[in-house]
Structure formats: C-alpha cells, structure tokens
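Input: a single structure, listed below in structure tokens.
The values are calculated or read from the model by the stated rules, or taken from the named source; none is laboratory data. For clarity, every value in this text was computed on a predicted model and none was experimentally measured. Here the Cβ is made from the backbone with ideal geometry for all residues, glycine too, and neighbour counts use every protein chain on show.
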Amino acid sequence: MSDHIRKRMQDITLRANDTPIVLPKSVCVQAARANRFSIIGTVVNPRKQNMRTPIGNLPRIWGMEDSVIGRMVDARKFQFVFQNKESLNLVLKRGPWYFSEWMLATHKWIPNMHDITMKIIPFWTQIHGIPIQYLTLEMIDIIGRSVGHVSGIDFDENATRVDYVRVRLEWNIDNPFRFKREFQFGHNESVLLSFYYERLHNFCKICGMLTHEKKECPLRFNENDDFPDDDDDANENNDTVLGYMSHMES
C-alpha cells in the first residue's frame, strides 16, 4: 500500500466531534510568547519559487542569520521567528521583498490571521501627472483609493518642488496592476496618470498579475499577438535593482 493511500485513509473525521482536549494554559502562553515576534509569508508564484530557498537565504540577506529561525508552515507559507520586535519591524520596513525574481508577501503575525491578509503586499506607489492646481492631500487620497487600499501618503503641501506624489497601497496579489489610468478632473479635463510601484519585480506583462509569467498568461490566446517581451519594463521608473541583494543595500 502506497504512502499516498495510507494518508488518504487517515484523512477522515472519525471522532472529530469528541470533547476537546484541554491543553495546559501555561504551555499555551509560553508557546505563544516564543512565537510572538514572527513574520508569516507566502510565495506568489510557486512554480518559480522554491519554498526552501528563501527560508535558507533571507536571514543571511537581512544580516540576521544567527538570530532568526525560518521554517515551512505548509506548502506555500513560511515563518521567520525573530528575537525582538525591533528586528522584525526593520525587516518589514525594508520590504516588500522578493526572491527568485518574484515577489513575496510578508506580514507580522497576528492571532487568527485571515488568508486574505496573506495576499497583501504593500507598495509605495508614485503617481505622476496630477495637474498642479489639484495637488492636495484629499485629491491624492481619492486618486490612490481609486486604484487600491491606501495606508499612507507621502506629500508635503509646502514643498517647493513636486515631480510626483507617493501613496502606500496595500495590493492584493489576486488583482492585476494598473500602470496608467485616465482621470477626469473637471468638465472636458481628462488626464492620463501614471503609477510606478517601487520595489516591484516580476509580473505578467500581458495582464499585470504577480502570480504568473507572460508565457503562462490565460489571456495569451495567440502567440503572434503584439505583446511586450519578458524583459520589457512596464514599471521602468521603479527603484528595484535586479537581484534580491538590493534590499539589503537599500
């Protein structure tokens, strides 16, 4: 009998509704305390990202190889346990991170974390092209929220020069990126704004998704379609440097 069949035989709910076994409260508290400074993460493209690789290499990239414990949680999730809150927050602040040329979704662990939260990657996003007469915090917030969930705005209304504004977007990896969008500011006053996602690395150049590459895109019905090559940079003004080591240097 194969191991697969044996596993399926045991994957049953027999006696699952019995009275729960109460675990010692002191042991539960101790275990939760030991894991309280944790980052939970997931790969966005499992076909291209080997789970074991970031677990073995990210602590070294962070300069914390002797103070961080990494482990696989399931087929797509990983955990890093830090010694203190300061180290954890430093890693999150320096993100978002990528590995094997594809993005990682990383979050500070909280009890009962929802699966939707695991799909969020925060990107500082530059917005180019807002007419100067409309540059206000409220307007920037409205434009940002039309694209995604805004969790921060970087704009000084007293600045003497504004080439672009920045918003922090909590991006769901199930949604395609939008790099340009037309906005109507007034009667017959439409402007095409550009969005540049800082630290964004690989994504599908056809549909804008993070989860697959161009040759796997379901929208690519005709191989002769005039789509950009994989090495074209639709987000060419972002701050990303090829290779995961750039995050350690930034």
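Details
- Taken over region 82-104, residues that are closer than 13 Å to Ile121 by Cα and touching a residue at least 12 places away in the same chain (Cβ under 8 Å) amount to 9.
- Region 36-94: number of residues that are of a type in the set (Gly, Ala, Ser) and closer than 27 Å to Glu213 by Cα: 3
- Matching entry among Gly41, Gly56 (being more than 18 Å from His107 (Cβ to Cβ) and either not assigned by TED's automatic domain parsing to the domain that holds His107 or not in a loop (DSSP other than H, G, I, E, B) (or both)): Gly56
- Where a residue in region 130-150 is assigned by TED's automatic domain parsing to the domain that holds Asn172 and its partner, wherever it lies, is in a helix (DSSP H, G or I), with Cβ under 8 Å and at least six apart: Ile130/Met139; Ile130/Ile140; Ile130/Ile143; Val150/Asp141; Val150/Gly144
- Only one entry of Leu193, Leu200, Leu137 meets the criterion of being within 12 Å of the chain's Cα centre (by Cα) and either hydrophobic (A, V, I, L, M, F, W, C) or surrounded by 19 or more Cβ atoms within 10 Å (Cβ to Cβ) (or both), and that entry is Leu200.
- Scanning region 151-200 for residues that are in a loop (DSSP other than H, G, I, E, B) and either closer than 14 Å to Gln126 by Cβ or not assigned by TED's automatic domain parsing to the domain that holds Gln133 (or both) yields Phe155, Val162, Asp163, Tyr164, Phe177, Arg178, Phe179, Glu198, Arg199, Leu200.
- When the criteria are applied in full, Gly144 fails the requirement of being at pLDDT 90 or above and either among the charged types (D, E, K, R) or in a strand (DSSP E or B) (or both).
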